[in-house]
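Remarks on the structure that follows.
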Amino acid sequence: MEELIDVLDEKGNKTGEILTREQIHKKGLCHRIVVIAIIDAQGKILMQQRAKYKTKNPGKWDVTSAGHVSSGQTSIEAAIRETLEEVGIKVNEKELEYILTYRNKEKVEEDYIDNQIYDCYIVKKDKIDLKDIKIQKSEVEQVKLCNLKEFNEIIENGNVMERDELYKKIIEYLK
């Protein structure tokens, strides 16, 4: 069954319309995305490389997890679900530290328009052991831990999802 998503108005309020992910992107309708960066006690960020077949930014690096907020879900519920699905890490509501919301609209392909409101969170974990990570192969190629220097290098070489506002906040957070 295809994922159903709440359509939002320009202010981020639910319109009452619920469509499939494909329909929303085809029509370029506004909807919500969550983005989660998990950081360990040494200030290392758990990064994921997007699956190579993805429509948008295949093979590029991104923070720990990201995904659509399903119909009827809160942003927090989606953040918990996406983190467990994509990297196999359980987080709870108390661990999710909201850091910012931003908006992006772009035409990715002829019939694929992103019109999204992003809710971004940071989760602090004492330790992240890569052996414990269970990646969702349909979404993620691989994961790695990056210190601040490595994170900046990945951003500078352009091999990341475009999330400039979020990356600035993460860098501020780590300094």
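Among the listed residues S71, S65, identify the single one that is farther than 30 Å from F151 by Cα and hydroxyl-bearing (S, T, Y).
S71
Do we have K90 as touching a helix residue (DSSP H, G or I) at 6+ places or on another chain (Cβ under 9 Å) and modelled with pLDDT of 95 or more here?
Against the criterion (touching a helix residue (DSSP H, G or I) at 6+ places or on another chain (Cβ under 9 Å) and modelled with pLDDT of 95 or more), K90 qualifies.
Can you find a residue that is free of Cβ contacts under 8 Å to residues at least 12 places away in the same chain and either exposed (fewer than 12 other Cβ atoms within 10 Å of the Cβ) or not hydrophobic (A, V, I, L, M, F, W, C) (or both) anywhere in the stretch 122-138?
Yes, the stretch 122-138 has at least one match.
Which members of the stretch 89-119 meet the condition of being among the basic types (K, R), assigned to a strand (DSSP E or B) and under 24 Å from I135 (Cβ atoms)?
none
What is the residue count in the stretch 2-18 for residues that are of a type outside the set (S, T, N, Q) and free of Cβ contacts under 8 Å to residues at least 60 places away in the same chain?
Number of matching residues: 9.
Kindly establish whether T74 is of a type in the set (V, I, T), over 11 Å from the mean Cα position of the chain (by Cα), at pLDDT below 95 and surrounded by fewer than 17 Cβ atoms within 10 Å (Cβ to Cβ).
No: the conditions fail for T74.
Within the stretch 1-18, how many residues are surrounded by 20 or more Cβ atoms within 10 Å (Cβ to Cβ) and not β-branched (V, I, T)?
2
If I filter the stretch 102-126 down to residues being modelled with pLDDT of 95 or more and acidic (D, E), which single residue comes out as farthest from E82 (Cα to Cα)?
D126
The values are calculated or read from the model by the stated rules, or taken from the named source; none is laboratory data. It should be emphasised that the depicted structure is a prediction, and the values quoted were computed from it without experimental measurement. So basically every Cβ, Gly included, is an ideal-geometry build from the backbone, and we count neighbours across all protein chains shown.
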